[in-house]
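Undergrad: Take this structure, written in structure tokens, and hold onto it; I'll ask about it next.
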Amino acid sequence: MEDFGNYVFIVLKILYYEGKANRILTEQVSLIFGQNFVISFQEKELNIFNSVREIIKSGKGRIRRMGADYLAYALMDTIVDNYFIILERLGEKIGDIEEDLVANPTPEALKAIQNLKREMILLRKSVWPLREVVSGLERSDSLLIHDYTDIHLRDVYDHIIQIIDTIETLREMLSGMLDIYISSISNRTNEIMKILTIMATIFIPLTFIVGVYGMNFEYMPELKWRWGYPVVWVIIMVVSVSMLVYFRRKKWL
Amino acid sequence: MEDFGNYVFIVLKILYYEGKANRILTEQVSLIFGQNFVISFQEKELNIFNSVREIIKSGKGRIRRMGADYLAYALMDTIVDNYFIILERLGEKIGDIEEDLVANPTPEALKAIQNLKREMILLRKSVWPLREVVSGLERSDSLLIHDYTDIHLRDVYDHIIQIIDTIETLREMLSGMLDIYISSISNRTNEIMKILTIMATIFIPLTFIVGVYGMNFEYMPELKWRWGYPVVWVIIMVVSVSMLVYFRRKKWL
Amino acid sequence: MEDFGNYVFIVLKILYYEGKANRILTEQVSLIFGQNFVISFQEKELNIFNSVREIIKSGKGRIRRMGADYLAYALMDTIVDNYFIILERLGEKIGDIEEDLVANPTPEALKAIQNLKREMILLRKSVWPLREVVSGLERSDSLLIHDYTDIHLRDVYDHIIQIIDTIETLREMLSGMLDIYISSISNRTNEIMKILTIMATIFIPLTFIVGVYGMNFEYMPELKWRWGYPVVWVIIMVVSVSMLVYFRRKKWL
Amino acid sequence: MEDFGNYVFIVLKILYYEGKANRILTEQVSLIFGQNFVISFQEKELNIFNSVREIIKSGKGRIRRMGADYLAYALMDTIVDNYFIILERLGEKIGDIEEDLVANPTPEALKAIQNLKREMILLRKSVWPLREVVSGLERSDSLLIHDYTDIHLRDVYDHIIQIIDTIETLREMLSGMLDIYISSISNRTNEIMKILTIMATIFIPLTFIVGVYGMNFEYMPELKWRWGYPVVWVIIMVVSVSMLVYFRRKKWL
Amino acid sequence: MEDFGNYVFIVLKILYYEGKANRILTEQVSLIFGQNFVISFQEKELNIFNSVREIIKSGKGRIRRMGADYLAYALMDTIVDNYFIILERLGEKIGDIEEDLVANPTPEALKAIQNLKREMILLRKSVWPLREVVSGLERSDSLLIHDYTDIHLRDVYDHIIQIIDTIETLREMLSGMLDIYISSISNRTNEIMKILTIMATIFIPLTFIVGVYGMNFEYMPELKWRWGYPVVWVIIMVVSVSMLVYFRRKKWL
């Protein structure tokens, strides 16, 4: 924000959701307002100020009756409101991911968390200058800004503080989610290991036993016994059942 | 909080435990008090203010003798007390989970930690405005608030600070619990790996040995030896015992 | 702390080690002192103030010559000294666990860390009011507290700050220990995996080779070769030695 | 910075990218400026001040018209601009690594993160004295520094604050990337474990079954059955298909 | 630090490297200085003050010409310089460990990190009182401390602040190293798992196949086929090659 006496020059960042790509886009808006004019510059054509325009056209609301500073405030308020919309959507996204993080920790969730983190940094980066501008306007003793606008600016400022708070909370939640993610993955690896260990621990000894009687020694008395084969089956049963009992005691089954 | 001269308007958040679902619910309460009236608005019918009503009906206590500001204070005090009840219950829940986290780190515990974290964020979010309101009332020079009420408000304020402190401590504990959880899971994976490794390391070489004498070569002198078969058993014993000794030395058994 | 003009009322928390259970217990002590009396209330019979009593009985030291405020100070000083004893013991415990954390990360160590963390939170919680009380007494302009006692209270206050600092350092160390624990467990899992992989990687291919010549096809020319069996042993040797060389190069052995 | 009345002595650190090695190098520059002179000392020959020289040579710009303090400011501004270039490059590097961290977490990425962390610490270390110097010059009441230079110094100071902010953000991102890295590696280990477990769980029981009929007992009725061999194949099919169904239900396939 | 009017009493902690054990040792030094004397007490005989003694003996330098306060400053400066030496060595150690942490994460590195952490805590603990003492001397209005000494004390104070900053940076680096360590270990476990999985996944199915034709059924048509044995080899080749192709596609090879 720069105050040139006759007019005030403000540079702000607008964040908005691009409908198709579902991504946050950023755009720079410059506002110049003097005694009885407000000029705004945008790079792309956005309909973010449409609601303000509607109000002016309809003749309702206070904007037409108040000065240029009030219109500038109304525009800034619209920008700040837009932040709330974005935060709400991000909050919903975070909630969605969090919901099935414990149940189903996919690499896609990891990617989504990473993206949200990056958007959070972007958000924080663009909200700080906003804070500076609004607090600057509020504190400034420019004759262009009337007292009733000051009150409204104070309101906008409170909203911005609330936005910063929410960003911090969401950031903390995202950090926490990574921990949950790692916990959850560790958990699943643990489950997989259990299955592998159960299968291997039961069948590897059994394979050894049947391997023994697959040997071709000429003098193996067991091979000639009438009950040799059934006895081997009994041994197999005993080994596998005792293994299962062991695993059940360990609460793996 | 807004001070309109003739009356003061306060918006607060009540948190309470819904009996059945065992969840924390949040409700907004508005208080308006003037020279000699207190009006309170709630969305749902809660019996949170019953205790105050009882005291008024019974005629005991100071509330009837004091002004409207004192009644407003009494209501706010009741709300703050409710926070303590919630914190106590959350503290108990955390203690319960913590107790069997090392012994038994289930995915359910992970989910419970996640839920508690979310409730903590909710709690922190709704206690901050409370702090603002009470500190605002205390500092305000409204004629509606008498000196003796100020002292009590100071008390309420101290309680709120205590609540915020407790929330922070509980949040730290929850963060620490995730670390304990991961440690504990790593530990168990380690245990499982040990069992698998012991079984595999003992039986895989043995299976190889018996596999050797399962080969059908025409010229395998060992197969014709009188003591071939018993010697193989001796080898098997030696291998498996030396493995067990090795594992015992590694303190795996 | 409350100053009632004629007397000062103080509520403090004593922490002490219960000899048998080796646990920290907490007890509330109330002190009331006026112009020439000090009354102390305890729930349980503790001999924490014995040392003060001894000094009074023996007639040595300054306590008998000074006022009631000095005795109150002496009692508070004893309580603070007790905190140091507890911190020292906790520090020793932490050192003991830390020592063998890298070498031997057991679940018991994890449990011990968790317990120490909880005791740390308890400690911090009960030392804060102590700080409040002492700083309150020091700043108060009560006529009951003489200048020379003020100097000593300043001393006690410095000790309390030192206690809080030590608590923070110990808490940091405990957090760091959990990281060390996880690192150490990961390390061991890694070691176990190496052993498993070495065994499996050497013997699984060998078992396959001997399995091949265990097949019962009628036309298997190798089985009739005079040197078939020794050649298989040569192959087995070559495979296992090259595997061992590979692992040595990877520095697993 | 030291102010010797007649001249001001400044020591600064320049950071620049060495073209070939793609590493950040650091160099110390000393500036001395008095009423109408600026002397700069460098250890190595760097063309960092070329742009300033060009402007002076060309006669354009304000530098020739202003005092020595303005030239000193211009040089410092060039140094600060250089920081921005470095930060931008580091930011790009971080972005590049972050991009394929989830998809492909290599040890090289880990090394790159570690290097970036170290460069960040270096950066932070050398930007702090810069801040001190500029804020010192700005606050100083030396007659050598004119008012219009003060305004520009304020600008440089704002840039430095912005640099420090960016460094902090990048540092946070790097910390977050390590968490992502660990998550991603855990994920992949999990995937590998699944494949191993699927293979082992299907084939280990099958190997056991065929092992059974590889035994050489004289009395094994199944071996003589006409349909023994096909029945074994049926059993093999049933076991492996039911395993596959089990794994599909677990969403491992 | 205590100022007794006629003399000033200072207690400081010296840290020094014990040559053989390569450990940091700590020693307490007391300084008393008055109008024209400085007395220093040490428990052990250290030659830390030798450099000061040399300067005094040689008659060079300012120490002999200045007052007792200047000598006291010189001694304190020597102590502070010693901290820098220790920090430099610790920094080198950290650099050394960091260097081969990614390439070779041994348990010894873990132990070294833990030791460095403990030394860092020790360092921080003993540098704080130093800060207190020097800032106390600087602010004190004792007649014993001349103005020119004050300037030098300010210098010492700046050095101490620099030491504290460096300690914090090194502590952060150590924390980061633990994360790198865990990442690196996870990475290696991952590599080991890959090798195990590749070997197991290729050979376990092959062992099954040869197991099939090791069965002793009387009616196994394949066993009598002229090309049965070569066909099995073809199958083995196809299976193992397709597995290798699969793993190459997964970029495991």
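Undergrad: Filter segment B:25-46 down to residues that are exposed (fewer than 15 other Cβ atoms within 10 Å of the Cβ) and touching a helix residue (DSSP H, G or I) at 6+ places or on another chain (Cβ under 9 Å) and give me whichever is modelled with the highest pLDDT.
TA: Once the filter is applied, the top-ranked residue is B:37.
Undergrad: Residues in segment E:132-150 that are open to solvent by 30 Å² or more (accessible area, probe 1.4 Å) and among the hydrophobic types (A, V, I, L, M, F, W, C): how many?
TA: Count: 1.
Undergrad: If you check E:110, E:90, which single one turns out to be modelled with pLDDT under 85 and either in a strand (DSSP E or B) or within 25 Å of the chain's Cα centre (by Cα) (or both)?
TA: The match here is E:110.
Undergrad: Let me ask something else about it. What single numbered condition from (1) of a type in the set (Asp, Glu); (2) within 30 Å of the chain's Cα centre (by Cα); (3) outside the structural domain of residue C:67 (by TED's automatic domain parsing) fails to hold for residue C:165?
TA: The failed condition is (3).
Okay, residues lined up against (1) under 30 Å from residue E:185 (Cβ atoms); (2) not small (Gly, Ala, Ser):
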| site | (1), (2) |
| --- | --- |
| E:14 | no, yes |
| E:30 | no, no |
| E:67 | no, no |
| E:75 | no, yes |
| E:97 | yes, yes |
| E:104 | yes, yes |
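Undergrad: Ok, one more. (1) among the hydrophobic types (A, V, I, L, M, F, W, C); (2) touching a helix residue (DSSP H, G or I) at 6+ places or on another chain (Cβ under 7 Å); (3) open to solvent by 70 Å² or more (accessible area, probe 1.4 Å): which one isn't true of residue D:12, the others all being true?
TA: All conditions pass for residue D:12, except number (3).
Undergrad: May I pose another question? Which one of the conditions (1) open to solvent by 30 Å² or more (accessible area, probe 1.4 Å); (2) in a helix (DSSP H, G or I) does residue A:76 fail to meet, given that it meets all the rest?
TA: (1) is the only condition that residue A:76 fails.
Undergrad: Tell me, yes or no, whether segment B:64-82 has at least one residue that is within 30 Å of residue B:172 (Cα to Cα) and acidic (Asp, Glu).
TA: Yes; the residues of segment B:64-82 include at least one that is within 30 Å of residue B:172 (Cα to Cα) and acidic (Asp, Glu).
Undergrad: Out of all the residues in segment C:198-229, which are of a type in the set (A, V, I, L, M), in contact with a Phe, Trp or Tyr (Cβ under 8 Å, 6 or more places away or on another chain), within 7 Å of another protein chain (Cβ to nearest Cβ) and crowded, with 21+ Cβ neighbours inside 10 Å?
TA: C:204, C:206, C:210, C:215, C:220
Undergrad: Report the residue count in segment E:28-61 for those that are farther than 18 Å from residue E:81 by Cα, among the charged types (D, E, K, R) and free of Cβ contacts under 8 Å to residues at least 12 places away in the same chain.
TA: Within segment E:28-61, residues that are farther than 18 Å from residue E:81 by Cα, among the charged types (D, E, K, R) and free of Cβ contacts under 8 Å to residues at least 12 places away in the same chain number 3.
Undergrad: Which numbered condition in (1) assigned to a helix (DSSP H, G or I); (2) under 30 Å from residue C:111 (Cβ atoms); (3) open to solvent by 40 Å² or more (accessible area, probe 1.4 Å); (4) not hydroxyl-bearing (Ser, Thr, Tyr) is the only one that residue B:122 fails?
TA: Unmet condition: (2).
Undergrad: Residue A:181 versus (1) open to solvent by less than 40 Å² (accessible area, probe 1.4 Å); (2) over 24 Å from residue D:95 (Cβ atoms): which is the lone unmet condition?
TA: It is condition (2) that residue A:181 fails.
Undergrad: Also, I was wondering about something else. Taking segment C:95-104 only, how many residues are more than 14 Å from the chain's Cα centre (by Cα) and more than 10 Å from chain E (Cβ to nearest Cβ)?
TA: Number of matching residues: 1.
Undergrad: Do we find that residue E:170 is out of contact with any Cys (no Cβ under 9 Å at 6 or more places or on another chain) and under 24 Å from residue E:108 (Cβ atoms) in this structure?
TA: Criteria met by residue E:170.
Undergrad: Scan segment A:226-238 and report the pairs whose first residue is under 13 Å from residue D:219 (Cα atoms) and whose second residue is in a loop (DSSP other than H, G, I, E, B) and open to solvent by less than 50 Å² (accessible area, probe 1.4 Å), with Cβ atoms within less than 6 Å and a gap of 6+ or a chain change.
TA: Sorted first by the residue in segment A:226-238, then by its partner, the pairs are A:228/D:217; A:229/D:217; A:229/D:220.
Undergrad: Please determine, by comparing only the residues of segment B:145-174 that are touching a Gly at 6+ places or on another chain (Cβ under 8 Å) and assigned to a helix (DSSP H, G or I), which one is farthest from the other protein chains (Cβ to nearest Cβ).
TA: Per the criteria, the residue is B:149.
Undergrad: Return the only residue of A:138, A:88, A:92 being closer than 28 Å to residue A:4 by Cα, in the same structural domain as residue A:33 (by TED's automatic domain parsing) and free of Cβ contacts under 8 Å to residues at least 40 places away in the same chain.
TA: A:138
Undergrad: Considering each residue of segment B:204-221, count those that are closer than 24 Å to residue D:210 by Cβ, in a helix (DSSP H, G or I) and without any contact (Cβ under 8 Å) to a residue 12 or more places away in the chain, and give that number.
TA: Total meeting the criteria: 5.
Undergrad: Continuing with this model, one more query. Of all residues in segment B:95-128, count the ones that are β-branched (Val, Ile, Thr) and either free of Cβ contacts under 8 Å to residues at least 12 places away in the same chain or outside the structural domain of residue B:168 (by TED's automatic domain parsing) (or both).
TA: 2
Undergrad: Here's a follow-up. For segment B:231-253, which positions are assigned to a helix (DSSP H, G or I), within 9 Å of another protein chain (Cβ to nearest Cβ) and open to solvent by 30 Å² or more (accessible area, probe 1.4 Å)?
TA: B:233
The values are calculated or read from the model by the stated rules, or taken from the named source; none is laboratory data. Predicted model, so just to flag it, every value in this text is computed and none were measured. Note that each Cβ is placed from the backbone with ideal geometry, even for glycine, and that neighbours are counted across all protein chains shown. Protein only, heavy atoms only, side chains kept; ligands, DNA and RNA dropped before computing areas. Shrake-Rupley method; radii C 1.70, N 1.55, O 1.52, S 1.80 Å.
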